[in-house]
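Below is one structure, written out as structure tokens, with a few remarks after it.
The numbers here are math on the coordinates, done by the rules we state, and not lab data. Fair warning: this is a prediction, and the values are worked out from it, not measured in the lab. Virtual Cβ from ideal backbone geometry, glycine too; neighbours counted across all protein chains shown.
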Amino acid sequence: QIQAVIFDLDGVITDTAEYHYQAWGMIAKELGLPFTREFNENLKGVSRIASLELLLGQAATPHTYSPEEMEEMATRKNEFYQQLIQQVTPADVLPGISELLAELKAHGVKTGIASASKNAFTVIRLLGMEKDFGVIVDAAKLARNKPDPEVFLTAADALGVDPQFCVGVEDAVAGVEAIKAAGMFAVYISLQENMSIADMNLNHTAELNYSELNQQFAAIKN
Ligand code: BG6
Ligand code: MG
């Protein structure tokens, strides 16, 4: 039996992954760097500064920036992002999420948010979901980034659930790697290629279903 479901936020609970993409796009444009949706897949689940490093690595001729310049670019990306998320409302919760949360609650399954974003609390507040999760991990307190399992293990610990009874839900490759490294059952939601290490591959949040999830979870435990 599943005891807890731990969700990524951006791209799983709501489509803020799109706003991260748009905000990085503005920085890339200013710097004259190539930036595609395909490349953006590599930034999903990746911390702000690590994302900037990957983006700058796209330059045809490498340029070294000082830590202050890096900090300034990362801050500006975040300012663009914070402007973009002002439009988030409770109507932006992705299809299937509220239904799944209600089912989980009805069955006594705990829930948490394991996001790399320092804006996670703001997004959850804009969605009106402050009361929907047993824990929202504070990304500012983490030492290691996904694919390190720290954020998922921190959530499981806060919920008082053994990782082997947890399900993690992600839209990012680094995120699924983190879930598996935490010893949890991994659900990958993406229109990209399936991930072989994921325990369940879905194209869309609307396909999330409690009984199906429980069946698949039980199946791999036997
Ligand atoms: C993750 C996103 O949830 O959070 C990444 O998938 C983002 O795109 C990361 O870079 C960090 O977010 P923030 O809000 O702290 O810059
Ligand atoms: Mg995500």
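Of note:
- Loop-located trypsin sites (Lys or Arg not before Pro) in the stretch 113-170 (DSSP state not H, G, I, E or B) with no more than 11 neighbouring Cβ atoms inside 10 Å: K131, R144.
- Equivalent ellipsoid of the stretch 100-167: semi-axes from √(5λ) of the C-alpha gyration tensor, largest first, are 19, 17, 8 Å.
- Over the chain, Cα pairs under 8 Å with separation of 6+ residues give a relative contact order of 26 percent.
- FRET efficiency estimate (nearest 0.05) - Cβ-Cβ, A50 to Q1, R0 35 angstrom: 0.45
- Residues I136, I197, ranked from the fewest to the most other C-beta atoms within 10 Å, line up as I197, I136.
- Within the stretch 140-222, GluC sites (Glu not before Pro) in DSSP loop having at most 12 other beta-carbon neighbours inside 10 Å: E193
- Projection of the Cα convex hull of the stretch 87-222, averaged over all directions and equal to a quarter of that hull's surface, yields 8.1 nm².
- In a fully extended conformation the segment linking D157 and K141 would gain 4.3 nm over its present Cα-Cα distance, using 0.36 nm per residue.
- FRET E, pair Q82, I197, Förster distance 30 Å, beta-carbon r, rounded to 0.05: 0.35
- 12 Å Cα cut-off, lysine pairs counted over the chain (separation 8 or more, or different chains): 5
- Residues T154, T16, arranged from fewest to most other Cβ atoms within 10 angstrom of their Cβ, appear as T154, T16.
- Each of M195, M200, M184 has some number of other Cβ atoms within 10 Å of its Cβ, and from fewest to most they run M195, M200, M184.
- Local charge for V173 was computed over the other residues whose Cβ lies under 12 Å away, with Lys and Arg +1 and Asp and Glu -1, and equals -3.
- Considering only Q83, Q164, Q192, the mean-square fluctuation computed in a Gaussian network model of the chain, springs between alpha carbons under 10 angstrom, is largest for Q83.
- Our summary of shape: the Cα atoms of the stretch 34-137 have principal axis extents of 56, 23, 23 Å, ordered from largest down, in whole angstrom.
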